[in-house]
Amino acid sequence: MKRLLPLWLFLAAWAAVMAVIWLLPPSPLPAPPPAFPPPNPPSGAALFYNQAFAAMPNLSVEEQKCLYANPEKPLDRPLAQKIVERFGPTLDLLAQGAKEPSCEWGVDLNAIEKMSWPNGINVMLCRQALSLRARLHLEEGNTAEAVDDLLLSLRLSRQAGEPPIPICVLGRITNDNALLTITLRELPKFDKASLQKLADGLKTLPPSSSMAESIALERKLAPAFVYIYVTQLRTDVPWYKRVFYKLIGIVHPHPNFQICKASPETLADWTRDMQTDIEIAERAMRLPYAQGEPQIEAIEQKIKTGTNPLAVVQAPPMKSLRQRELISETLWSIFQTALEARLHHPEEIRTRLATLIDPFTGKPLECYDVEDGVEITLRRPGRNPEQWTVGLEKTK
């Protein structure tokens, strides 16, 4: 037995060395060459917006509940006025920024993370504060001031939706939808002069990027996204998670485990394959829904059942993004149709709304008369329907 002791010690030492090697993360990846030039420093409206974000007050739990309260419920006016007053410096800086012709955030696209929207929370808070102040203005009959707040919020939402990677564009869509939904319901409270001011102001808003444009940018950013993601996997994941991934990988390889251990050459091949799929989906996103949807579904099915683990965790949810964009485009069509009709042909509002087309079915949108106006339903495939109410004066 003593004769075998050196052998056992050797085997134990060998097992320990192999365990250490097994636990060590792979070597670092070489950084890809920059796909974009270095960013310019923040300028234009972004300078004022950044100051506005820094000036935002810290809210109590009660104030947060009021800020995010259901707009259909009665407003706690004293608390709402207090919140608006506390946001005063922030909203003043937003108004100054809106006067600037450009907005450069100074974002380095070569270093941005895939799911990073630096201004997201700040923009949503400012949007809620502007909506709250607009509601106070409407209740006081100051419709022109309410229009100013609405236009300011829409401008901020569009300018903060840059650079147009999908998460930024999706944030802009979310903010736009929230603003338009509330304004549609409150249209009867605006006088004609304010409605004309709103219509004129909409024409001056900066352009917004489409989902197809954001997917095109994501395709160019793919090598940088992959480098950042894999580097984080190899350096930031604690040892016990690496053990978990490797043990699970013996039975069923987790995509992150496959990505983490892949060679630079394999990662490059996976990235190119993913970029090809994204390029096909980008072209499909520019087509009408009935033509583009089958192509996008085929790409997502290929990714789901294929052998590219990088695409599983890195490819954007193209089908969902395209559907969200179509919903937003439909809401904008409803809003602009209702606004134009109220300005020039109020008696035709119902008729004009009934001619709008559901992009998913190709049929006219479902419109129903309700107590407060016209309820419109958009049926998104496989999801709960979207519903909006276009406010009309109540008839006696």
Scan the range 337-360 and tell me whether some residue there is under 21 Å from the mean Cα position of the chain (by Cα), part of a helix (DSSP H, G or I) and among the β-branched types (Val, Ile, Thr). no
Among residues of the range 27-46 being in contact with a Pro (Cβ under 9 Å, 6 or more places away or on another chain) and not in a loop (DSSP other than H, G, I, E, B), the residue surrounded by the fewest Cβ atoms within 10 Å (Cβ to Cβ) is Gly44
All conditions in (1) surrounded by 13 or more Cβ atoms within 10 Å (Cβ to Cβ); (2) part of a loop (DSSP other than H, G, I, E, B) are true of Asn384 except (1)
Scanning the range 57-71 residue by residue, those assigned to a loop (DSSP other than H, G, I, E, B) and under 12 Å from Leu132 (Cβ atoms) turn out to be Leu59, Tyr68, Ala69, Pro71
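Which residue, of Lys197, Lys246, is modelled with pLDDT under 85 and of a type in the set (D, E, K, R)? Break it down into steps so the answer makes sense when it comes.
Numbers: Lys197 fails: modelled with pLDDT under 85.
Unique residue meeting the criteria: Lys246.
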Here the qualifying pairs (Cβ atoms under 6 Å; residues six or more apart or on different chains; first in the range 153-166 and in contact (Cβ under 8 Å) with a residue 60 or more places away in the chain; second among the polar types (S, T, N, Q) and in a loop (DSSP other than H, G, I, E, B)) come out as Ala160/Asn119
Of the residues in the range 105-124, those that are of a type in the set (Gly, Ala, Ser) and either at pLDDT 85 or above or touching a strand residue (DSSP E or B) at 6+ places or on another chain (Cβ under 7 Å) (or both) number 1
Open item on the list: Any residue at all in the range 168-181 that's polar (S, T, N, Q) and under 22 Å from Pro37 (Cα atoms)?
Closed with: no
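The values are calculated or read from the model by the stated rules, or taken from the named source; none is laboratory data. Because the structure is a prediction, the values reported are computed rather than measured. Using ideal geometry, Cβ is built from the backbone for each residue, glycine included, and neighbour counts are taken over all protein chains shown.
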